[in-house]
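Beneath this line is the structure, given in C-alpha cells, with notes to follow.
The values are calculated or read from the model by the stated rules, or taken from the named source; none is laboratory data. Please read these numbers as outputs of a predicted model, since none were measured by experiment. Positions of Cβ are generated from backbone atoms using ideal geometry, with glycine treated the same way; all protein chains shown enter the neighbour counts.
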Amino acid sequence: MTGRQFLLGVDIGTSSSKGVLVDAADGALLASAVREHTTSTPYPGWFEHDAEEVWWADLRAIAAELGPQADGRLAGVCVSGIGPCVLPTDGSGAPLRPAVLYGVDTRAQEQIAAQTERFGGERVLRRCGSVLTSQSAGPKLEWLREREPQTYVATRRWYMASSWLVHRLTASGGRPGAYVLDHHSASQSTPLYDLRASAWIGDWCEEVAPGLQWPELVHPADIVGRVSEDAAAATGLPAGTPVAAGTVDAWAESAAVGATGTGDLMLMYGTTMFLVNTVAEPVPDRRLWSTAGVHPGTYCLAGGMATSGAVTGWLRDLTGAGYAELTAEAAELPPGADGLLMLPYFAGERTPLFDPDARGVVAGLSLRHGRAHLYRAALEGTAFGVRHNLEAMAEAGGDLRRLVAVGGGARELWTRIVSDVTRRPQQLPRHTIGAAYGDAFLAALATGLAAPGEIARWNPVEETVEPEPERARGYEELYAHYRALYPATRETVHALAARQRGDAG
C-alpha cells in the first residue's frame, strides 16, 4: 500500500449523481457510489435543481462514502455535472433560486427569439459556434432579469453544476470559493463566448446580463483551488486536496473513454443521449453545437437528444417491470417491434430539430402490443435519433471515424440496436460508468499523475459491437418512416404542447 495515491471523481446528473474512487497508478476502479435525486418541474417546460439539496448534498454523501477508503491519500478531486445550467447567486456564492437546467428546460423561448434578432442569427453562429436554442445559457440569464427582477437585482455571480461545487469545495471562513468556468462550459453559454477567440464577448455579456461578475476561464484539468477546512468538515475530504475545474458531464465522459482525438465520437447512453465528435477546427452548423473540447486547443461538434434513458425509465415506472425483465422481453421481438414506431421526443427535442414543442408519438399501436413492444420501440426510436444526428454531423463536416459507447445505459440490446440502425460499430471500454471516471482522469491530469494518452491504459476497449447486415437492412424502411413521422405530426403535437402549457383554448 505504500505510496499509493487515489483520485475522486464525482458527476452530478439529471436524476442521479455518481462517484468513483480510482487508483492513480493504473486507473483501477476501487469503489463507486450513487445517489438518486429528483428534478423539479414546477411548470411545463421548466426543469430545476436545488443546488444545496441536490448538488451539494449528493457531493457530500458520495465524498463521505468514498473518501475514507482513500485512507488519507487522496491526490485530487474533480467534479462534472449537467450543463449548461444557470444558478444565480449573491456575491458570496449563496444560491438565490433553484438552478435552471440545460436544454431540457425550455422556458426562455421569447429571449431566444429576441437575442437572435438583436445579435443576428448568422453572426451568433459564426462567432459562438451554435445558434441560440434552449441549450443556450444566455437567454436563461436574460429570462431571469426580465421575469424575476428581484432575484436578478441581488445576483452577482452565476454558476453551473461543476463550477458551483468547485466554489463550495474551496470556500472558507465566509470567503467565496473559486469563481471559474471551464472553456468548454463557457462555449455552451451562447451568445456570451467567442469560440475561436476563447474569451467572453464583453459587450454581449453586458447587454444580456448587465452588472454580473464573470467567471475566470480555465481548462477542465486545471487546478483551481484546494479543499478548504470548511469543505473538509462538511465532506470528510482531506483539507488541502487539489481541486480540478471539471466540466459538463458529456465531455467528462469523452475523457473517460479517450474519445478526445480528431475523428473520435463519444456516444453517451444516459437520461439523455449525447454525442461528442472531436474535430480539428470549429464547424458551426445550425442543427448542432460547435464547442471547445476537453483539452486546450481542441474543438467538438456535438448533438444531444432531449430524452432517451428518460423514456425507458418512464416505461419501467409505468409497467412496474425492471430493466432486466423489459430488456429480456424486448430482445425476443423482431426489429421493428411488430410494427411499432416511436418518436422519443417526450420533452421536446434538441439536435438536430431544436423543437421544444415536439412530443412523443407512438405509431402503429394495436391490441396485440404489450410492454415489451413499447420498450423495444423506445430503444429503436432513440437509435433512429442517433442516426439522424450522425447524418447531420457528417453533412456539417464532422469527422466520424471511431464510435465509443459510454454511460449507464450502454446495455447489450440497446447498443446492438444502435449499431444495426446506424450501420456503425461501437467500441465498449472496460469502464462505462462514465463522467465520474472521466473526472478522476481529469484529476490525474491536473495533478501530473497521468498524461492524456494514458487513458488507453486506464480504460482499454474490451468489446466492439458490430452491425448485423440483415437486421441493418431491415431498419432502412423503418428509418425512412421515422424521418417522415415528425413532419407529418408536427402541427398536431405543437397544438397539444400548447394545451399542456395551458395557453390554448
field: Boolean, L74 is in contact with a Ser or Thr (Cβ under 9 Å, 6 or more places away or on another chain), in contact (Cβ under 8 Å) with a residue 60 or more places away in the chain and of a type in the set (A, V, I, L, M)
entry: yes
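Conditions (1) crowded, with 23+ Cβ neighbours inside 10 Å; (2) β-branched (V, I, T); (3) under 26 Å from A302 (Cα atoms), marked per residue:
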| site | (1), (2), (3) |
| --- | --- |
| V166 | yes, yes, yes |
| T170 | no, yes, no |
| W214 | no, no, yes |
| L217 | no, no, yes |
| V227 | yes, yes, no |
| D230 | no, no, no |
message: Which residue is surrounded by the most Cβ atoms within 10 Å (Cβ to Cβ), if the candidates are limited to segment 408-453 and must be on the phi > 0 side of the Ramachandran plot and at pLDDT 95 or above?
response: R423
field: Enumerated strands (runs of 3 or more DSSP E) restricted to segment 197-260, each holding at least 2 residues that are of a type in the set (V, I, T)
entry: 223-226
field: Qualifying position, being touching a Phe, Trp or Tyr at 6+ places or on another chain (Cβ under 8 Å) and at pLDDT 95 or above, among G240, G211, G293, G304
entry: G293
query: Can you pull out the strands (runs of 3 or more DSSP E) entirely within segment 1-117 that have at least 1 residues that are in the same structural domain as A221 (by TED's automatic domain parsing), more than 23 Å from I223 (Cβ to Cβ) and of a type in the set (K, R)?
result: 29-36
message: Residues that are part of a helix (DSSP H, G or I) and under 20 Å from P344 (Cβ atoms): does segment 450-471 have at least one?
response: yes
L181 being crowded, with 24+ Cβ neighbours inside 10 Å, farther than 22 Å from C85 by Cα and not aromatic (F, W, Y): no
Test: Y299 is touching a residue at least 40 places away in the same chain (Cβ under 8 Å), in contact with a helix residue (DSSP H, G or I) (Cβ under 8 Å, 6 or more places away or on another chain) and among the aromatic types (F, W, Y): no
- request: Select from segment 25-48 the residues that are over 29 Å from G502 (Cα atoms), touching a residue at least 60 places away in the same chain (Cβ under 8 Å) and touching a helix residue (DSSP H, G or I) at 6+ places or on another chain (Cβ under 6 Å) and list them in ascending order.
  value: G27
message: Looking only at segment 118-155, filter to residues that are in a loop (DSSP other than H, G, I, E, B) and not hydroxyl-bearing (S, T, Y); which one of those is modelled with the lowest pLDDT?
response: Q135
